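Notes to accompany the following structure.
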Amino acid sequence: MPVTVSLPPAHAAFCVVARRNNSLASRQRWAVYGAFAAGSLALAFPLAAAGVWPVLPYSALELACLAVAFVLVERRSSDVDRLAVVGDRVVVEQERAGRATRREFQREWLRVEVDERGWTREPRLVLRSGRDEVPFGDTLAACERAGLARTIRKALRTR
C-alpha cells in the first residue's frame, strides 16, 4: 500500500507517508532487464550468424533504450513524501531523485487543496500557506489523492 498513516513518532501527533508502489525491488528489476537482454541477444546472434547482420545494431539500440528506461525508473523508485503534525507545526519532508527537502508550516495557516488543472490532467494535492505551495503525494495514483487530502484535513482540524 503506497499511503501509510503510521504511528507517529514520539513527538508527532500525526504522520503520513506517501511513496511509489514499486512492484519489483532493485535487484529484481535488473534481473528482468538481464532476462530481456539475454532473450534479445539469443535472437540477434543466430540471425547475425545466418547473414542478417543488421539485426545486431538494432538489438544493441533496443537494449540501450531499455537500460535508460530502467535507470530512470530506478532513480525515482525511492521517492517519498512525509507529513508530520508536531504541535502547532506541520513538517513536510520530500525526497525526489535522491534530493531531500524539508519545509515547516504553521498548522493554522496551512490549507490542503486538490488542484484541478484541467480536464486532460490528473488532479494534484497541494499544501498552501500564504504564497508558499508544496505539491504532496505526486507519487500516488490520482484516485488516492482525494482520500489523502481528506485524511490530512481531518488531522489538521483535530487537536
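Answer yes or no: is there a residue in segment 100-107 that is assigned to a helix (DSSP H, G or I), in contact with a helix residue (DSSP H, G or I) (Cβ under 7 Å, 6 or more places away or on another chain) and not assigned by TED's automatic domain parsing to the domain that holds Ala31. Yes; the residues of segment 100-107 include at least one that is assigned to a helix (DSSP H, G or I), in contact with a helix residue (DSSP H, G or I) (Cβ under 7 Å, 6 or more places away or on another chain) and not assigned by TED's automatic domain parsing to the domain that holds Ala31.
Output the residues belonging to segment 60-96 that are part of a loop (DSSP other than H, G, I, E, B) and under 30 Å from Ser40 (Cα atoms).
Answer for segment 60-96, where residues must be part of a loop (DSSP other than H, G, I, E, B) and under 30 Å from Ser40 (Cα atoms): Ser77, Ser78.
Test Arg128 against the stated conditions and say whether it is assigned to a strand (DSSP E or B), surrounded by 13 or more Cβ atoms within 10 Å (Cβ to Cβ) and among the basic types (Lys, Arg). When the stated conditions are applied, Arg128 passes them.
Those residues that are surrounded by 11 or more Cβ atoms within 10 Å (Cβ to Cβ), more than 13 Å from Ala18 (Cα to Cα) and of a type in the set (A, V, I, L, M, F, W, C), I need them from segment 132-145; list them, please. Give the derivation first.
Going residue by residue through segment 132-145, those that are surrounded by 11 or more Cβ atoms within 10 Å (Cβ to Cβ) are 132-142, 144-145.
With more than 13 Å from Ala18 (Cα to Cα) added as a condition, the list becomes 132-134.
Across segment 132-145, the qualifying residue is only Val134.
The single condition from (1) out of contact with any helix residue (DSSP H, G or I) (no Cβ under 8 Å at 6 or more places or on another chain); (2) in a loop (DSSP other than H, G, I, E, B) that Glu122 fails is (1).
Which ones in segment 85-108 are polar (S, T, N, Q) and under 15 Å from Ser129 (Cα atoms)? The one that is polar (S, T, N, Q) and under 15 Å from Ser129 (Cα atoms): Gln106. So, in segment 92-119, of the ones that are of a type in the set (Val, Ile, Thr) and free of Cβ contacts under 8 Å to residues at least 40 places away in the same chain, which residue ends up surrounded by the most Cβ atoms within 10 Å (Cβ to Cβ)? The selected residue is Val114. Of Ala155, Ala146, all but one fail to be over 13 Å from the mean Cα position of the chain (by Cα), modelled with pLDDT of 85 or more and not in a loop (DSSP other than H, G, I, E, B); the exception is Ala155. Here Glu122 meets the list (1) in contact (Cβ under 8 Å) with a residue 40 or more places away in the chain; (2) exposed (fewer than 15 other Cβ atoms within 10 Å of the Cβ) almost entirely, failing just condition (1). Taking Val114, is it under 17 Å from Glu93 (Cβ atoms), assigned to a strand (DSSP E or B) and either modelled with pLDDT of 85 or more or in the same structural domain as Val91 (by TED's automatic domain parsing) (or both)? So Val114 fails the test.
The values are calculated or read from the model by the stated rules, or taken from the named source; none is laboratory data. These figures come from a predicted structure and were not determined experimentally. When we count neighbours, we look across all protein chains shown, and the Cβ atoms used for this are built from the backbone with ideal geometry, even at glycine.
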